[in-house]
Amino acid sequence: MKSILSAKNISELFFQLKSNKELSIVGGCTNIEELPEKSISTHGILELNHITRHERFLEIGAGTTLSQILEIGKNHLPSVLYEALLSIANPIIRNMATIGGNICIEGHKHTLFAPLIALDTKLEFQSPNDTKFEALQNLKKIPDSYILKNIRVPLLYPEISIFRRIGPEHAITQHSASFVFLGDTEKNSLIDIRLAFAGPFVFRSRALENSIIGHRLPLTKKDIDEIQEMVEREFQRAATDQMISDVVRQQFLNLTRYSLEQLT
Ligand SMILES: Cc1cc2nc3c(=O)[nH]c(=O)nc-3n(C[C@H](O)[C@H](O)[C@H](O)COP(=O)(O)OP(=O)(O)OC[C@H]3O[C@@H](n4cnc5c(N)ncnc54)[C@H](O)[C@@H]3O)c2cc1C
(Lines give C-alpha, C1' and ligand atoms only; values in the text may rest on other atoms or scores of the structure.)
Protein backbone atom coordinates (compact mmCIF):
# COMPACT_ATOMS: atom_id res chain seq x y z
CA MET A 1 0.00 0.00 0.00
CA LYS A 2 1.27 3.49 -0.84
CA SER A 3 1.92 5.84 2.02
CA ILE A 4 2.61 9.55 2.43
CA LEU A 5 4.49 10.39 5.60
CA SER A 6 4.62 13.72 7.35
CA ALA A 7 7.24 15.42 9.48
CA LYS A 8 7.01 18.05 12.21
CA ASN A 9 10.10 19.95 11.12
CA ILE A 10 13.01 19.90 8.68
CA SER A 11 15.31 17.86 10.99
CA GLU A 12 12.66 15.13 11.18
CA LEU A 13 12.20 15.29 7.39
CA PHE A 14 15.93 14.73 6.82
CA PHE A 15 16.01 12.02 9.49
CA GLN A 16 13.22 10.15 7.66
CA LEU A 17 14.86 10.68 4.25
CA LYS A 18 18.18 9.39 5.63
CA SER A 19 16.64 6.36 7.36
CA ASN A 20 14.66 5.32 4.31
CA LYS A 21 16.50 5.65 1.00
CA GLU A 22 13.35 4.84 -0.99
CA LEU A 23 11.47 7.79 0.42
CA SER A 24 10.91 10.70 -1.99
CA ILE A 25 9.86 14.25 -1.17
CA VAL A 26 6.57 15.61 -2.47
CA GLY A 27 4.45 18.74 -2.05
CA GLY A 28 0.71 18.50 -2.67
CA CYS A 29 1.10 15.55 -5.14
CA THR A 30 -1.05 17.34 -7.74
CA ASN A 31 1.53 16.76 -10.45
CA ILE A 32 2.38 13.15 -9.74
CA GLU A 33 0.66 10.65 -12.02
CA GLU A 34 1.82 7.63 -10.11
CA LEU A 35 2.56 8.15 -6.46
CA PRO A 36 5.82 6.50 -5.29
CA GLU A 37 5.44 3.61 -2.80
CA LYS A 38 6.57 5.87 0.02
CA SER A 39 6.81 9.62 0.05
CA ILE A 40 7.08 12.41 2.56
CA SER A 41 5.28 15.72 2.12
CA THR A 42 6.47 19.27 2.74
CA HIS A 43 2.94 20.05 4.00
CA GLY A 44 2.69 20.93 7.68
CA ILE A 45 6.40 21.68 8.11
CA LEU A 46 6.49 25.20 9.55
CA GLU A 47 9.97 26.10 8.19
CA LEU A 48 8.72 25.23 4.69
CA ASN A 49 5.36 26.91 5.03
CA HIS A 50 5.74 30.64 5.43
CA ILE A 51 5.73 33.90 3.52
CA THR A 52 8.14 36.47 4.92
CA ARG A 53 8.01 39.98 3.53
CA HIS A 54 11.31 41.89 3.35
CA GLU A 55 11.76 45.39 1.97
CA ARG A 56 12.85 44.26 -1.48
CA PHE A 57 11.83 40.62 -1.71
CA LEU A 58 9.45 37.95 -0.50
CA GLU A 59 10.80 34.77 0.99
CA ILE A 60 8.39 31.91 0.41
CA GLY A 61 8.80 28.43 1.91
CA ALA A 62 8.73 25.66 -0.70
CA GLY A 63 5.73 23.96 0.96
CA THR A 64 3.54 27.08 0.75
CA THR A 65 0.44 26.47 -1.35
CA LEU A 66 -0.46 28.57 -4.38
CA SER A 67 -3.67 29.70 -2.58
CA GLN A 68 -1.69 30.96 0.41
CA ILE A 69 0.48 33.09 -1.90
CA LEU A 70 -2.59 34.46 -3.71
CA GLU A 71 -4.01 35.48 -0.32
CA ILE A 72 -1.26 38.14 -0.05
CA GLY A 73 -3.37 40.01 -2.57
CA LYS A 74 -3.03 41.52 -6.00
CA ASN A 75 -1.52 44.80 -4.77
CA HIS A 76 1.27 43.17 -2.76
CA LEU A 77 2.66 40.77 -5.37
CA PRO A 78 4.37 41.50 -8.71
CA SER A 79 1.43 41.41 -11.13
CA VAL A 80 2.97 38.79 -13.45
CA LEU A 81 3.31 36.40 -10.50
CA TYR A 82 -0.24 37.08 -9.27
CA GLU A 83 -1.71 36.48 -12.74
CA ALA A 84 0.35 33.32 -13.25
CA LEU A 85 -0.78 31.88 -9.89
CA LEU A 86 -4.41 32.65 -10.66
CA SER A 87 -4.14 30.94 -14.06
CA ILE A 88 -3.07 27.59 -12.57
CA ALA A 89 -5.64 24.76 -12.39
CA ASN A 90 -8.57 25.67 -10.10
CA PRO A 91 -9.06 26.73 -6.44
CA ILE A 92 -9.24 23.12 -5.19
CA ILE A 93 -5.92 22.16 -6.78
CA ARG A 94 -4.34 25.48 -5.75
CA ASN A 95 -5.20 24.69 -2.11
CA MET A 96 -2.94 21.62 -2.33
CA ALA A 97 -0.34 22.54 -4.98
CA THR A 98 2.88 24.06 -3.64
CA ILE A 99 5.23 26.60 -5.17
CA GLY A 100 8.13 24.19 -4.52
CA GLY A 101 6.39 21.46 -6.52
CA ASN A 102 5.78 23.84 -9.41
CA ILE A 103 9.49 24.68 -9.59
CA CYS A 104 10.90 21.18 -8.95
CA ILE A 105 8.90 19.31 -11.62
CA GLU A 106 11.43 17.81 -14.01
CA GLY A 107 11.28 18.36 -17.77
CA HIS A 108 8.67 20.71 -19.23
CA LYS A 109 8.67 23.97 -17.26
CA HIS A 110 5.40 24.88 -15.55
CA THR A 111 3.48 28.15 -15.35
CA LEU A 112 5.42 29.96 -12.59
CA PHE A 113 8.80 29.53 -14.26
CA ALA A 114 8.73 32.48 -16.69
CA PRO A 115 7.45 35.05 -14.15
CA LEU A 116 9.90 33.85 -11.49
CA ILE A 117 12.81 33.94 -13.95
CA ALA A 118 11.89 37.41 -15.19
CA LEU A 119 11.86 38.63 -11.57
CA ASP A 120 15.38 37.16 -10.95
CA THR A 121 14.20 34.66 -8.32
CA LYS A 122 16.79 32.90 -6.17
CA LEU A 123 16.38 29.45 -4.65
CA GLU A 124 17.66 28.16 -1.32
CA PHE A 125 18.43 24.44 -1.15
CA GLN A 126 19.00 22.57 2.08
CA SER A 127 20.74 19.26 2.81
CA PRO A 128 21.17 17.74 6.31
CA ASN A 129 24.33 19.81 6.80
CA ASP A 130 24.55 22.45 4.09
CA THR A 131 22.68 25.35 2.44
CA LYS A 132 23.11 26.34 -1.23
CA PHE A 133 21.76 29.33 -3.16
CA GLU A 134 21.18 29.35 -6.90
CA ALA A 135 19.46 31.65 -9.38
CA LEU A 136 16.36 29.90 -10.75
CA GLN A 137 17.53 30.71 -14.26
CA ASN A 138 20.67 28.59 -13.78
CA LEU A 139 18.83 25.62 -12.26
CA LYS A 140 19.54 22.40 -14.12
CA LYS A 141 18.31 19.93 -11.50
CA ILE A 142 17.73 19.74 -7.77
CA PRO A 143 21.16 18.92 -6.26
CA ASP A 144 21.38 15.35 -4.92
CA SER A 145 20.47 15.00 -1.23
CA TYR A 146 19.12 18.59 -1.11
CA ILE A 147 15.53 19.78 -0.93
CA LEU A 148 14.18 23.12 -2.09
CA LYS A 149 13.65 25.14 1.09
CA ASN A 150 12.94 28.77 0.20
CA ILE A 151 12.13 30.83 -2.86
CA ARG A 152 13.28 34.45 -2.79
CA VAL A 153 11.19 36.61 -5.12
CA PRO A 154 12.27 40.24 -5.74
CA LEU A 155 9.38 42.69 -5.38
CA LEU A 156 9.41 44.52 -8.71
CA TYR A 157 6.58 46.72 -9.93
CA PRO A 158 7.61 47.88 -13.42
CA GLU A 159 5.41 50.19 -15.53
CA ILE A 160 4.71 47.50 -18.08
CA SER A 161 4.07 43.95 -16.83
CA ILE A 162 2.72 41.41 -19.26
CA PHE A 163 2.06 37.73 -18.47
CA ARG A 164 0.48 35.42 -21.02
CA ARG A 165 -0.04 31.68 -21.18
CA ILE A 166 0.54 29.88 -24.45
CA GLY A 167 -1.47 26.66 -24.93
CA PRO A 168 -4.46 25.44 -22.94
CA GLU A 169 -5.85 27.35 -19.98
CA HIS A 170 -5.68 25.94 -16.42
CA ALA A 171 -3.79 22.79 -17.48
CA ILE A 172 -0.36 21.74 -18.69
CA THR A 173 0.31 19.92 -21.95
CA GLN A 174 3.28 19.67 -24.31
CA HIS A 175 2.01 22.88 -25.94
CA SER A 176 2.00 24.90 -22.71
CA ALA A 177 4.40 27.74 -22.13
CA SER A 178 4.42 31.06 -20.35
CA PHE A 179 5.59 34.45 -21.55
CA VAL A 180 6.59 37.49 -19.51
CA PHE A 181 7.59 41.01 -20.55
CA LEU A 182 8.60 43.66 -18.00
CA GLY A 183 9.51 47.19 -19.02
CA ASP A 184 10.47 50.33 -17.12
CA THR A 185 10.97 53.80 -18.55
CA GLU A 186 12.39 57.11 -17.33
CA LYS A 187 12.51 60.45 -19.13
CA ASN A 188 11.67 59.05 -22.57
CA SER A 189 14.13 56.22 -22.41
CA LEU A 190 13.88 52.51 -21.70
CA ILE A 191 15.79 51.80 -18.46
CA ASP A 192 14.92 48.14 -17.94
CA ILE A 193 13.43 45.34 -19.97
CA ARG A 194 13.01 41.65 -19.22
CA LEU A 195 11.74 39.03 -21.61
CA ALA A 196 11.20 35.47 -20.45
CA PHE A 197 9.72 32.32 -21.96
CA ALA A 198 9.43 28.91 -20.29
CA GLY A 199 7.81 25.68 -21.35
CA PRO A 200 9.63 23.11 -23.48
CA PHE A 201 12.80 25.09 -22.62
CA VAL A 202 13.73 28.31 -20.86
CA PHE A 203 14.63 31.50 -22.69
CA ARG A 204 15.95 34.67 -21.12
CA SER A 205 19.04 36.56 -22.28
CA ARG A 206 20.44 39.42 -20.23
CA ALA A 207 22.81 40.27 -23.12
CA LEU A 208 19.83 40.67 -25.45
CA GLU A 209 17.95 42.75 -22.87
CA ASN A 210 21.01 44.98 -22.34
CA SER A 211 21.20 45.66 -26.05
CA ILE A 212 17.57 46.90 -26.00
CA ILE A 213 17.86 48.98 -22.80
CA GLY A 214 18.63 52.66 -23.47
CA HIS A 215 16.38 52.99 -26.54
CA ARG A 216 14.66 56.37 -26.78
CA LEU A 217 10.89 56.32 -26.48
CA PRO A 218 8.45 56.13 -28.07
CA LEU A 219 9.80 53.24 -30.14
CA THR A 220 9.32 53.72 -33.88
CA LYS A 221 8.17 50.98 -36.24
CA LYS A 222 11.77 50.72 -37.44
CA ASP A 223 13.02 50.27 -33.83
CA ILE A 224 10.47 47.53 -33.22
CA ASP A 225 11.37 45.73 -36.46
CA GLU A 226 15.08 45.81 -35.51
CA ILE A 227 14.50 44.62 -31.93
CA GLN A 228 12.10 41.95 -33.14
CA GLU A 229 14.75 40.66 -35.53
CA MET A 230 17.33 40.42 -32.72
CA VAL A 231 14.87 38.61 -30.45
CA GLU A 232 13.93 36.21 -33.24
CA ARG A 233 17.59 35.38 -33.90
CA GLU A 234 18.36 34.74 -30.22
CA PHE A 235 15.17 32.74 -29.66
CA GLN A 236 15.83 30.66 -32.75
CA ARG A 237 19.33 29.89 -31.46
CA ALA A 238 17.98 28.86 -28.03
CA ALA A 239 15.26 26.74 -29.66
CA THR A 240 17.70 24.71 -31.77
CA ASP A 241 17.28 21.00 -30.96
CA GLN A 242 14.39 21.75 -28.60
CA MET A 243 10.90 20.29 -28.96
CA ILE A 244 8.91 23.38 -29.82
CA SER A 245 6.05 23.59 -32.29
CA ASP A 246 5.81 26.33 -34.94
CA VAL A 247 2.60 27.52 -33.31
CA VAL A 248 4.25 28.05 -29.90
CA ARG A 249 7.27 29.73 -31.54
CA GLN A 250 4.99 32.08 -33.51
CA GLN A 251 2.95 32.92 -30.44
CA PHE A 252 6.11 33.87 -28.56
CA LEU A 253 7.13 36.19 -31.41
CA ASN A 254 3.64 37.74 -31.65
CA LEU A 255 3.60 38.39 -27.91
CA THR A 256 7.06 40.00 -28.11
CA ARG A 257 5.90 42.37 -30.85
CA TYR A 258 2.70 43.16 -28.95
CA SER A 259 4.77 43.96 -25.82
CA LEU A 260 7.18 46.23 -27.74
CA GLU A 261 4.18 48.05 -29.22
CA GLN A 262 3.18 49.06 -25.70
CA LEU A 263 6.29 51.29 -25.77
CA THR A 264 5.17 53.34 -28.78
C1 LIG B 1 -6.27 19.62 -13.11
C2 LIG B 1 -4.85 20.15 -12.99
C3 LIG B 1 -4.51 21.33 -13.62
C4 LIG B 1 -3.21 21.83 -13.52
N5 LIG B 1 -2.92 23.01 -14.13
C6 LIG B 1 -1.66 23.52 -14.02
C7 LIG B 1 -1.34 24.77 -14.64
O8 LIG B 1 -2.17 25.43 -15.26
N9 LIG B 1 -0.06 25.24 -14.50
C10 LIG B 1 0.89 24.57 -13.78
O11 LIG B 1 2.00 25.06 -13.66
N12 LIG B 1 0.61 23.37 -13.21
C13 LIG B 1 -0.63 22.85 -13.30
N14 LIG B 1 -0.91 21.65 -12.72
C15 LIG B 1 0.19 20.88 -12.09
C16 LIG B 1 0.39 21.11 -10.57
O17 LIG B 1 -0.84 21.24 -9.89
C18 LIG B 1 1.22 22.35 -10.23
O19 LIG B 1 2.34 22.47 -11.08
C20 LIG B 1 1.69 22.37 -8.75
O21 LIG B 1 2.26 23.63 -8.42
C22 LIG B 1 2.65 21.25 -8.38
O23 LIG B 1 2.85 21.35 -6.98
P24 LIG B 1 2.72 20.09 -6.01
O25 LIG B 1 3.01 20.56 -4.62
O26 LIG B 1 1.43 19.38 -6.18
O27 LIG B 1 3.92 19.20 -6.55
P28 LIG B 1 4.08 17.61 -6.40
O29 LIG B 1 3.22 16.94 -7.42
O30 LIG B 1 3.93 17.19 -4.99
O31 LIG B 1 5.62 17.45 -6.79
C32 LIG B 1 6.12 17.77 -8.07
C33 LIG B 1 7.63 17.42 -8.14
O34 LIG B 1 8.38 18.30 -7.31
C35 LIG B 1 9.18 17.58 -6.36
N36 LIG B 1 9.19 18.41 -5.15
C37 LIG B 1 8.11 18.96 -4.54
N38 LIG B 1 8.50 19.75 -3.51
C39 LIG B 1 9.87 19.66 -3.44
C40 LIG B 1 10.88 20.26 -2.59
N41 LIG B 1 10.57 21.09 -1.59
N42 LIG B 1 12.18 19.96 -2.82
C43 LIG B 1 12.52 19.12 -3.84
N44 LIG B 1 11.62 18.54 -4.69
C45 LIG B 1 10.31 18.80 -4.49
C46 LIG B 1 8.49 16.23 -6.21
O47 LIG B 1 9.40 15.22 -5.88
C48 LIG B 1 7.92 16.01 -7.63
O49 LIG B 1 8.92 15.48 -8.47
C50 LIG B 1 -2.21 21.13 -12.78
C51 LIG B 1 -2.57 19.92 -12.13
C52 LIG B 1 -3.86 19.44 -12.25
C53 LIG B 1 -4.21 18.15 -11.53
Dipole in debye (nearest 20) - the stretch 54-123, about Cα centre, beta carbon charges: Lys, Arg +1; Asp, Glu -1:
80
Compute the distance in nm between two label points, each set 7 Å from the Cα along the Cα-to-Cβ direction, one at Lys141 and one at Phe201.
1.9
Taking springs between alpha-carbon atoms closer than 10 angstrom, which of Phe163, Phe181, Phe15 fluctuates most in the Gaussian network model of the chain?
Phe15
Charged-residue dipole, Cβ positions (Lys, Arg, Asp, Glu), the stretch 68-162 about Cα centre, Debye nearest 20:
80
Add +1 for every Lys or Arg and -1 for every Asp or Glu among the other residues with Cβ under 13 Å from the Cβ of Tyr82, and state the total.
0
Could you tell me what percent of the DSSP beta bridges with both partners in the stretch 1-139 are antiparallel, to the nearest 5?
60
Express in nm, to one decimal, how much length is gained between Thr240 and Glu169 on full extension, taking 0.36 nm for each residue of separation and deducting their alpha carbon distance.
22.9 nm
Set Lys and Arg Cβ to +1 and Asp and Glu Cβ to -1, take the dipole of the chain about its Cα centre, and tell me which of Ser39, Cys29, Ala196 lies farthest positive.
Ser39
Which percent, to the nearest 5, of DSSP beta bridges fully inside the chain are antiparallel?
85
Based on the Cβ-Cβ distance from Asp130 to Ser67, what FRET efficiency comes out when R0 is 22 Å, to the nearest 0.05?
0.10
Under the Karplus relation with 6.51, -1.76 and 1.60 and θ = phi - 60°, whole-Hz ³J(HN,Hα) for the stretch 49-58, x at Gly and Pro, equal 10, 7, 10, 10, 8, 10, 4, 10, 8, 9
State the percent of C-alpha pairs, over all pairs in the chain, separated by a distance greater than 29 angstrom.
34
Global geometry of the stretch 65-157, whether rounded, prolate or oblate, following the gyration tensor of its Cα atoms and the 1.5 cut on a/c
prolate
Whole-Hz Karplus couplings 3J(HN,Hα) for the stretch 65-71, θ = phi - 60° and coefficients 6.51, -1.76, 1.60, Gly and Pro as x, run 7, 4, 5, 4, 5, 4, 5
Grab every C-alpha pair in the stretch 1-99, bin the distances at 10 angstrom width from 0 up to the longest one, and report whole percents.
15, 42, 29, 13, 1
DSSP H helices in the chain with Cα extent of 20 Å or more along the helix axis and mean Kyte-Doolittle hydropathy at least -1.0?
246-261
Tell me, what is the per residue accessible area of the stretch 120-264 in Å², probe radius 1.4 Å?
52
With unit charges on the beta carbons (Lys and Arg positive, Asp and Glu negative) and the dipole taken about the Cα centre of the chain, which residue among Val231, Ala114, Ile212 sits farthest to the positive side?
Ala114
Using Cα centres only, tell me the gap between the stretch 5-25 and the stretch 115-141 in whole Å.
21
Amide H proximity to Leu5 below 5 Å, modelled H, separation 5+ or other chain, gives Ser39, Ile40, Ser41
Work out how much length Lys18 to Glu159 would gain on full extension: take 0.36 nm times their residue separation and subtract the Cα-Cα distance, in nm to one decimal.
46.0 nm
So how strong a dipole does the stretch 186-245 carry about its Cα centre when Lys and Arg Cβ are +1 and Asp and Glu Cβ are -1, to the nearest 20 debye?
140
Among Leu139, Leu58, Leu77, which one shows the biggest mean-square fluctuation in a GNM of the chain, springs joining Cα atoms closer than 10 Å?
Leu139
Gaussian network model of the chain, springs between alpha carbon atoms under 10 Å - residue of Glu33, Glu12, Glu226 with greatest fluctuation:
Glu33
Given H placed on each backbone N at 1.01 Å, which residues far from Asp192 in sequence or on other chains put an amide H within less than 5 Å of it?
Asp184
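The values are calculated or read from the model by the stated rules, or taken from the named source; none is laboratory data. All values reported here derive from a predicted model rather than from experimental measurement. With ideal geometry, Cβ positions are generated from the backbone for all residues, glycine too; neighbour counts draw on all protein chains shown. These area figures cover heavy atoms from the full protein model, side chains too; ligands, DNA and RNA do not enter into them. Shrake-Rupley method; radii C 1.70, N 1.55, O 1.52, S 1.80 Å.
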